[in-house]
Number of protein chains: 2
Amino acid sequence: MSYREERAAERRLNILKTAARLFSEKGYHDATLDEIARELKYTKGSIYYYISSKQDLLFQCHDMAMNLLLENIEKVRDSELPPDAMLKEVIKEHIETLMSEFNLVTVTLGSDYELEDKYSDIIIKKRDLYENFIAGIIRDGISRRIFREVPVKVVINLIMGAANWIGRWYSEEGPMSLQEIGQFYADYLVTPLMSRNSA
Amino acid sequence: MSYREERAAERRLNILKTAARLFSEKGYHDATLDEIARELKYTKGSIYYYISSKQDLLFQCHDMAMNLLLENIEKVRDSELPPDAMLKEVIKEHIETLMSEFNLVTVTLGSDYELEDKYSDIIIKKRDLYENFIAGIIRDGISRRIFREVPVKVVINLIMGAANWIGRWYSEEGPMSLQEIGQFYADYLVTPLMSRNSA
DNA sequence: TAACAATTTGAACCTTGAGTCAATTTTTAA
DNA sequence: TTAAAAATTGACTCAAGGTTCAAATTGTTA
């Protein structure tokens with residue numbers, strides 16, 4: 001890849017980062033392309049050189065989030081941890097990834113329903129992959145009697161809801177760091193799963 | 001209150017219900033006043049007889065939600081339950097109230113940031129009242145050694161996140177009823193709070 | 001240095017939806 | 001039964017923002 005191509009890729013990434021931040025702060029509709037462009041010292045026309053539409057931009061933000069989450073899954077899968085430690089790791093990585101500089105958690109939280117069908121289909125498939133992997137961890141824990149019998153889908157939704165909501169309240173000025181919150185959430189959300197005889 | 005006033009109040013409530021449902025389904029921006037009116041077999045002009053603006057309508061939806069939640073608090077406060085049972089009750093009532101026919105959970109989840117300052121100030125005050133009451137339950141539980149020491153605000157946010165997220169996935173066609181989910185959530189979210197010697 | 005490619009500009013177009021209001025219809029009260 | 005009040009209509013206005021694109025600028029290559 002030439003320097004020119006690298007710089008183009010960097011400009012594209014900057015557009016995504018800025019879009020994600022403004023989508024998070026203001027919502028999909030209230031974050032305008034004019035504003036995204038101004039933050040980057042461009043005009044709207046320039047943004048359209050890199051994206052085909054505002055929907056495309058939103059989709060690329062979501063896709064980035066899902067790709068990062070799926071990369072986390074790869075790492076955790078290779079770790080050979082027992083199910084409880086593995087699930088805790090997934091929760092921590094989920095929180096830290098989506099609360100990264102991209103602010104992707106609030107993007108995925110607040111605007112995935114804004115995605116038109118042709119885009120949301122792709123995101124839903126990736127989300128299903130992600131949640132199916134988590135379901136596999138829980139089922140493995142249940143079958144090994146480390147976890148108690150629970151309705152797996154409900155538990156996943158409960159965990160996702162708690163984790164994703166962090167984008168709505170977390171502040172760097174708060175008394176706990178993101179890592180501490182991630183650890184606390186992981187412990188808090190896995191504890192009720194443990195079967196009695198593995199306490 | 002005359003019959004005419006009762007019917008006017010009922011029409012006003014129907015507008016709020018329909019608005020809440022469409023705000024939940026489509027988001028604040030994509031739910032148009034034209035559409036809300038059509039659902040009620042009116043035109044937009046008629047809606048403006050009952051509301052002053054779309055923001056006013058959104059505010060009234062949020063206000064209804066907060067008032068219902070604060071009513072729940074009154075009931076629970078009077079119940080003299082111990083903190084763990086009281087917190088479980090609050091969680092169950094929270095879930096059942098916001099997932100009522102109004103679909104208010106997804107209104108409050110997906111659009112409270114859309115509220116302009118003059119409206120959101122009122123909602124934030126009510127939400128603070130609500131969350132302060134829950135914080136009081138948790139602190140009482142900690143001081144009585146029923147609950148272990150936890151960062152109270154983080155726990156409240158965790159619980160609210162999990163509970164509010166239900167509006168994003170719950171379907172009446174699922175295998176569990178709303179009440180069963182409420183009970184499961186209450187148990188799951190309070191269990192990790194229990195101190196070791198009160199198990 | 002000039003031709004070409006990449007990138008950017010900014011004005012214009014178009015659609016959408018919030019909000020308005022005079023006229024009309026419906027309901028109520030005297 | 002009529003006048004007044006309440007409620008509704010629907011056409012219109014206007015602003016906002018997504019999208020387009022010809023022209024211009026900047027960067028690269030021969």
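No value in this document is a laboratory result; all are computed from the given coordinates. Treat the numbers as computed from the prediction; the structure is a model and nothing was measured. Quick reminder, even Gly has a Cβ in these numbers, built from the backbone with ideal geometry, and neighbours come from all protein chains shown.
Data table
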item	result
Label spacing, shortest first and in nm, from A:Ser2 to its equivalents in the remaining copies (7 angstrom along Cα→Cβ)	8.1
Projected area, mean over directions - the protein assembly as shown, Cα convex hull, nm²	23.4
Non-local Lys pairs in the range B:53-198, i.e. 8 or more apart or on different chains, that have alpha carbons under 27 Å apart	18
Along chain B, longest interval not containing exposed GluC sites (Glu not before Pro), exposed being DSSP loop plus at most 10 other Cβ atoms within 10 Å	B:1-79
Inter-chain Cβ neighbour average for residues A:162-169, partner chain, 10 Å	6
Simple Cβ-charge dipole of the range B:53-198, Lys/Arg +1 and Asp/Glu -1, about Cα centre, in debye nearest 20	680
Spatial separation of Cα centroids for the range B:113-133 and the range A:70-98, in angstrom	36
The range B:53-198 - Rg and Dmax from Cα coordinates, angstrom	15.6, 55
Dipole axis of the range B:40-199 (+1 Lys, Arg; -1 Asp, Glu on Cβ), positive-most option in B:Asn164, B:Pro83, B:Met194	B:Met194
Which of B:Val76, B:Val150 has the fewest Cβ neighbours within 10 Å, and the rest in rising order	B:Val150, B:Val76
The range A:167-193 and the range A:1-54: distance between their alpha carbon centers, rounded to Å	31
Value of relative contact order over the range B:53-198, rounded to a whole percent, pairs C-alpha under 8 Å and six or more apart	36
Rounded to the nearest 20 debye, dipole of the protein assembly as shown from Cβ charges on Lys, Arg, Asp, Glu	100
Label spacing, shortest first and in nm, from B:Leu70 to its equivalents in the remaining copies (7 angstrom along Cα→Cβ)	4.7
Mean ellipticity per residue at 222 nm, deg cm²/dmol - from DSSP H runs of n ≥ 4 across chain B, formula -39500 (n - 2.57)	-23500 deg cm²/dmol
Least to most buried among A:Ser120, A:Ser52 (fewest other Cβ within 10 Å first)	A:Ser52, A:Ser120
Order of B:Phe23, B:Phe147 under a 10 Å beta carbon neighbour criterion, fewest first	B:Phe147, B:Phe23
Top positive-direction residue, dipole computed over chain B with Cβ charges, set B:Val155, B:Ser177, B:Ala31	B:Val155
Trypsin sites (Lys or Arg not before Pro) within the range A:1-104, DSSP loop, no more than 16 other Cβ atoms inside 10 Å	A:Lys41
